[in-house]
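Data first, discussion second: the structure below is written as structure tokens.
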Amino acid sequence: MLLALAKPLMRLLCLTTALLLAAAPPAVLALDKITSSTPTTLLTPSYPFSDSALLDIGLLPLDDGLELVDDDDPVFPEVRMAETVYFVTQLGKMLERSGGWGAVRVVASEETAVDLLLRGKVLASNGEELELAITVVDSSGNRWLDQRYRQVVGKYAYDRRLKQLRDPFHNLFTEIANDLLSQRERRGDASAERLRQITALRFGQQFAPQALAGYLDRRADGAIKLVKLPADNDPLMARIDKIRQRDYLYIDTMQDYYQQFAEQMHEPYQNYRASSYNAVVEARQLNAKATRQMIGGIGAIIAGIYGRYESNSASTRAISTVGAGFGGLAVRNSLATRDRAAAANESVAEMGASLSAEIAPQQIDLEDRTITLSGSVDAQYRQWKALLQEIYQRERALPDPT
């Protein structure tokens with residue numbers, strides 16, 4: 001009878017252990033994930049691009065991806081919103097360093113007329129891991145990139161003794177820049193020059209849609225083909241070009257804002273990420289320790305019960321009872337360890353709350369108004385586009401210079 005009882009108890013131990021191991025994080029086997037710190041080489045053009053073939057890139061602030069965040073993840077919306085600007089600013093610097101592009105700017109709206117428009121979403125960001133979904137589409141509607149990029153860093157990425165000035169996720173941004181440059185070289189200069197012409201005409205159609213209607217062919221699949229070009233001395237395109245130069249002024253002003261935003265955020269954000277990394281690793285290690293304690297505790301309880309039933313002596317039964325008691329203590333200790341892991345996760349959220357104070361809205365002084373960049377910057381951009389329409393209509397009424 002006692003043997004019959006012992007077998008189901010041991011099966012229970014095996015089953016419980018298997019379930020706990022299945023639910024345990026990968027850190028049960030590896031408490032810290034260390035990846036290579038060797039920097040990825042940034043590619044530069046294999047031949048010099050002509051000025052007429054240098055494409056302008058617009059980078060939209062990333063989608064925050066907050067709908068993908070689990071309830072247990074310590075992500076503050078304020079921090080994630082700041083990251084949507086910070087990450088594209090870092091990527092923009094990497095693209096500029098490659099030397100294969102024209103103007104590289106963070107833009108406020110997808111309505112901005114640029115040769116290449118980069119969109120993205122933050123899939124994961126916790127100081128240890130960064131994963132971004134990146135899409136790049138040109139002004140003709142052709143997709144250049146559509147993929148995910150992920151990097152996991154180790155503790156040395158935040159070691160100040162190494163005096164590394166590059167971003168901990170330098171390799172991720174470098175990989176995106178390299179992939180985009182590879183796409184540019186594959187297409188060639190003639191394609192790039194044609195894209196610039198399409199971009200200019202698309203901008204012009206925002207102001208003179210009827211006059212420029214026959215120059216581009218918009219297809220049902222979203223592709224845009226160049227049909228013909230206006231004359232070099234076309235007065236309409238000369239007026240459009242003046243409007244575009246004013247638009248560049250606003251875009252450059254916005255770029256200065258985004259750049260200042262990233263610079264002001266840099267130091268507190270690096271401290272936040274370093275602390276966040278430590279908290280994430282600590283939480284994983286504590287969870288792994290708690291799982292081992294839980295498994296060992298349940299095993300001790302079942303072994304103690306089994307020993308009491310199998311033993312024929314009072315002393316052995318007493319020892320078994322003590323073993324079961326220590327097993328219960330191990331289970332309680334494991335629960336306390338999990339509580340400490342939750343506290344470590346919470347510390348990340350607390351740091352995010354302190355970081356949000358560093359990213360208050362700022363103001364931009366334009367020629368005729370002051371814009372407060374709070375709320376929807378996209379709405380402010382639409383106001384600017386309306387102003388450009390007014391300027392174009394006013395200048396259109398003036399006689400052409402002779």
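The values are calculated or read from the model by the stated rules, or taken from the named source; none is laboratory data. Remember, predicted model here, so these are calculated numbers, not experimental data. When we count neighbours, we look across all protein chains shown, and the Cβ atoms used for this are built from the backbone with ideal geometry, even at glycine. To get the accessible areas, we keep the full protein, side chains included, count just its heavy atoms, and leave off ligands, DNA and RNA. Shrake-Rupley method; radii C 1.70, N 1.55, O 1.52, S 1.80 Å.
Worth pointing out:
- Charge sum, other residues only, whose C-beta stays under 15 Å from Thr174's C-beta, Lys/Arg counted +1 and Asp/Glu -1: 0
- Under Karplus coefficients 6.51, -1.76 and 1.60, residue-wise ³J(HN,Hα) of the range 217-230 in Hz, glycine/proline x: 10, 9, 9, 5, 7, x, 6, 10, 10, 7, 8, 7, 10, x
- Applying 0.36 nm per residue to the separation of Val152 and Glu263 and subtracting their alpha-carbon distance, the gain on full extension is 37.6 nm.
- Close amide H pairs (under 5 Å, H built 1.01 Å from N) link Asp63 with Gly120, Lys121, Val122, residues at least 5 positions away or on another chain.
- Note, ³J(HN,Hα) from phi for the range 235-240, Karplus 6.51, -1.76, 1.60, rounded to Hz, x at Gly and Pro: x, 5, 5, 5, 5, 4
- Nearest-10 value in Å² for the accessible area of Glu390, using the 1.4 Å probe: 110
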